[in-house]
2 protein chains.
Amino acid sequence: MNMDLTEAPIGVFDSGVGGLTVAREIMRNLPAEHIVYFGDTARLPYGSKSRDTILMFSRQIIRFLQTQHVKAIVVACNTASAFALDEVAGENNLPMIGVVKPGARVAAQVTSNKRIGVIGTEGTTGSHIYRNYIQDIDPEITVIEKPCPLLVPLVEERWIHDSVTRQVLERYLAGLQEQQVDTLVLGCTHYPLLRSIVGEIMGSAVTLVNPAYETALELKQLLAARNLTNPGTDKKEFPYRFFVSDLADKFKVFANSILPYDVEMTQKIDIENY
Amino acid sequence: MNMDLTEAPIGVFDSGVGGLTVAREIMRNLPAEHIVYFGDTARLPYGSKSRDTILMFSRQIIRFLQTQHVKAIVVACNTASAFALDEVAGENNLPMIGVVKPGARVAAQVTSNKRIGVIGTEGTTGSHIYRNYIQDIDPEITVIEKPCPLLVPLVEERWIHDSVTRQVLERYLAGLQEQQVDTLVLGCTHYPLLRSIVGEIMGSAVTLVNPAYETALELKQLLAARNLTNPGTDKKEFPYRFFVSDLADKFKVFANSILPYDVEMTQKIDIENY
C-alpha cells in the first residue's frame with residue numbers, strides 16, 4: 001500500500017459552486033479524505049456550451065488538479081460528466097468518476113413503474129446521457145428529460161425557498177407529473193439545494209435521486225477497491241482546499257452558505273494556462 | 001477620403017446574443033454600414049466575471065475583429081464597456097465606443113428630478129460605471145443601481161411576455177419605484193427585449209433609456225466626424241456577418257428571432273487562439 005497515495009487528496013471539479021453539493025457529500029461520507037476543489041467560475045455555466053468546449057475545459061482542469069497530486073478525480077458537474085468523462089478518463093491513469101452513472105444506476109434500481117424523470121441543464125438533458133445509461137441497464141425504462149435553465153440562476157440568486165422559484169419549478173415539472181414518473185433524478189449539482197420544494201411539488205410517491213450522494217458512495221467503493229482509502233483520522237490543517245478561475249471572494253461566500261464548516265481560503269488561478 | 005476604410009465593416013461584440021439589440025439599432029439607423037458581429041458564447045455570461053477576465057476576453061476579441069478589417073468597434077456589452085473599454089481603446093488606433101457613455105449621457109439629459117435608476121448585471125452595477133459617468137456630467141444626480149441577474153436567463157428562455165418574468169421584474173424594480181426615479185437606464189443589452197413590461201411596471205412618468213439606440217446614434221456621429229461613413233447604398237451579398245465562440249446554430253435561432261432579416265450563416269471560431 002502506497003502511503004503517499006492514500007493520503008493524497010481527491011480532486012473535485014465543477015463549472016462553479018454547484019459541485020460543492022458533491023464535495024459536501026464526500027465530506028459527510030468519507031470524513032478522512034482531503035479534497036482539492038476547482039470551480040471554473042470564469043467560464044461558467046457549462047450547461048449551455050458544446051461538447052468540444054467542455055472537453056477542452058475539462059482537460060485544462062485535470063492538468064491543474066494533477067499539479068495538486070490528487071489520487072482520484074470526481075467530475076462533479078453533470079455536463080462535464082456527460083460530454084467529457086469517458087474521453088478524459090481514457091487519457092489519464094487516475095481513477096475518475098462522474099456524477100451521472102451513480103445517479104442513473106440508483107434511479108434504475110428504485111423505479112417501480114419504469115418511468116423516470118430527469119431535470120438538468122440544456123447540456124445535460126440534450127446529451128441524453130441519463131437516458132442512455134438508464135436504458136443500458138434496463139431498456140424497458142422510459143426516461144423523460146426536461147431542461148430547466150432558470151434553476152441555476154435562481155439558486156445563485158439565493159431565491160431558494162421562494163414563490164417565484166416554486167412557480168418556475170411547477171412549470172418545469174408539470175410535464176413530468178403528467179407523464180407519471182415515479183422517480184426523479186436531480187440531474188444538476190445545484191438542484192439538491194431545491195430538493196425540499198421539488199419534493200413538495202412532485203409529492204411523496206415520487207422518489208428523488210440525488211446523484212451527489214450516490215457519487216460519494218461510489219467514490220468510497222472505488223477508493224476501497226484500489227486500496228486508496230485514507231486510513232488516517234487526523235486531518236491536515238487545511239483538509240479542504242478551494243481554487244477558482246474567477247471571483248474567489250464571491251465563491252467563498254456561497255461555499256460558506258452550503259458547507260458545514262468555514263471555508264478559510266479560496267485561491268484564484270489562471271486555468272487557461274494549464 | 002479612404003474608400004477602402006469607408007466601405008469596411010463595423011465590428012460589434014458582446015458576450016452572446018445580447019449585443020444583437022445594438023446591432024439591430026445600427027442596422028436601422030445606419031443602413032449603409034456593414035457589420036461583423038462576434039458573440040462570445042463559449043464564455044458567457046460576462047456579467048458575473050471580474051475585470052481582469054473581461055479585459056483578457058476583450059483583447060482576444062479585438063484581435064479577431066482586426067483580422068476582419070473593421071473600421072471601428074462597438075463594445076455592445078455593458079460589462080465589457082465598464083471593465084475594458086477605456087483600456088483597450090488606448091491600446092488600439094481604431095475608433096471604439098461602448099454602450100455605457102451614450103446611455104449615461106442621455107439619462108443625465110432627460111431626468112427632471114435628478115433621480116436615475118440603472119438596471120444591469122452584477123458586473124455592470126457593481127462597477128458603478130453608469131453612476132460615475134452620470135455624476136461626471138452632473139454631480140447632483142442621484143443614481144440607484146440594481147443588479148438583476150435573472151433577467152438574462154429569462155430572456156434566453158424566451159419567457160418575455162410572461163407572468164413569472166413580470167413578478168421577477170416587479171421584485172427587482174420595487175426599490176427603484178420607492179426611490180422615485182424618473183428615468184431608468186436599461187443597462188444590459190438583453191433588456192430592450194423586456195422594454196414593454198418594464199414600461200408597464202414603472203409607469204408612463206418614468207422615461208426608459210435604451211443605450212443600444214443611443215449608441216447607434218453616437219456611432220453615426222463618430223463615423224461622420226472621422227470621414228468613415230459608408231457612402232454606398234449598395235449592399236454586399238452578406239452585409240452582416242456573425243461569428244461566435246460556441247453553439248453557432250443556437251445563436252442563429254435567437255438572432256433570427258430578434259433581427260429584422262434572415263441570418264444566413266453563423267460561424268464558430270476558436271477565440272482563445274487570438
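The values are calculated or read from the model by the stated rules, or taken from the named source; none is laboratory data. Note that this is a predicted model, so its numbers are computed, not measured. Backbone-built Cβ (ideal geometry, glycine too); neighbour counts: all protein chains shown. Side chains are part of the model used for accessible areas, which takes the heavy atoms of the whole protein and leaves out ligands, DNA and RNA. Shrake-Rupley method; radii C 1.70, N 1.55, O 1.52, S 1.80 Å.
Sorted from longest to shortest, the spans of the Cα atoms of the stretch A:176-269 along the three principal axes equal 50, 37, 21 Å.
Scaling against 2.2 N^0.38 Å puts the C-alpha radius of gyration of the protein assembly as shown at 1.02. Normalising the Debye intensity of the stretch A:61-121 to I(0), with uniform scatterers on Cα atoms only, and taking log10 at q = 0.13, 0.25, 0.26 Å⁻¹ returns -0.43, -1.05, -1.10. Here r is the Cβ-Cβ distance between A:Q221 and B:I160 and R0 is 56 Å; the resulting FRET efficiency, rounded to 0.05, is 0.75. Toward the positive end of the charge dipole of the protein assembly as shown, with +1 on the Cβ of Lys and Arg and -1 on the Cβ of Asp and Glu, the farthest Cα among B:P231, A:A108, A:G18 is that of A:A108. At R0 = 22 Å, how high is the FRET efficiency between A:R195 and A:N113 if r is their beta carbon distance? Nearest 0.05 is fine. Efficiency for this residue pair is about 0.55.
Multiplying the residue separation of A:L55 and A:D4 by 0.36 nm and subtracting their alpha-carbon distance yields 15.4 nm. For the protein assembly as shown, the Cβ-based charge dipole about the Cα centre amounts to some 140 debye (Lys, Arg positive; Asp, Glu negative; other atoms uncharged).
Association of chains A and B removes close to 2600 square angstrom of accessible area from solvent, both sides included, for a probe radius of 1.4 Å. Computing Rg and the Kirkwood Rh from the Cα coordinates of chain B gives a ratio, Rg/Rh, of 0.95.
Dividing the radius of gyration of the alpha carbons in the stretch B:7-78 by their Kirkwood radius gives 0.97 for Rg/Rh. Principal axis extents of the Cα atoms in the stretch B:108-207, from largest to smallest and rounded to whole angstrom, are 38, 28, 19. Full extension of the chain segment joining A:E87 with A:D136 gains 15.8 nm, where the gain is 0.36 nm per residue of separation less the Cα-Cα distance.
Charge dipole (Cα centre; +1 on Lys/Arg Cβ, -1 on Asp/Glu Cβ; no other charges) of the stretch A:194-245 amounts to roughly 200 debye. Annotation: amide H of A:I144 within the under-5 Å range of A:I116, A:G117, A:V118, sequence separation 5 or more or interchain, hydrogens built in the peptide plane. With a cap of 12 neighbouring Cβ atoms within 10 Å, and only residues DSSP puts in a loop, list the GluC sites (Glu not before Pro) found in the stretch A:193-274. Passing sites in the stretch A:193-274 are A:E237, A:E264. Pairs exceeding a 27 Å alpha-carbon distance, out of A:K71/A:K114; B:K49/B:K71; B:K49/B:K252; A:K49/B:K101; A:K101/B:K252; A:K49/B:K49: A:K71/A:K114; B:K49/B:K71; A:K49/B:K101; A:K101/B:K252. Other protein chain C-beta atoms within 10 Å of residue C-beta, averaged over B:43-53: 5. The chymotrypsin sites (Phe, Trp or Tyr not before Pro) of the stretch A:131-209 include none that meets both conditions, a loop assignment by DSSP and at most 13 other Cβ atoms within 10 Å of the site Cβ.
Under 17 Å of direct C-alpha separation, and excluding same-chain neighbours fewer than eight residues apart, A:K146 reaches these aspartates and glutamates: A:E122, A:E170, A:E178, A:D182, B:E156, B:E157.
Counting DSSP beta bridges in chain B, what percent are antiparallel, to the nearest 5? Of the beta bridges lying entirely in chain B, close to 0 percent run antiparallel.
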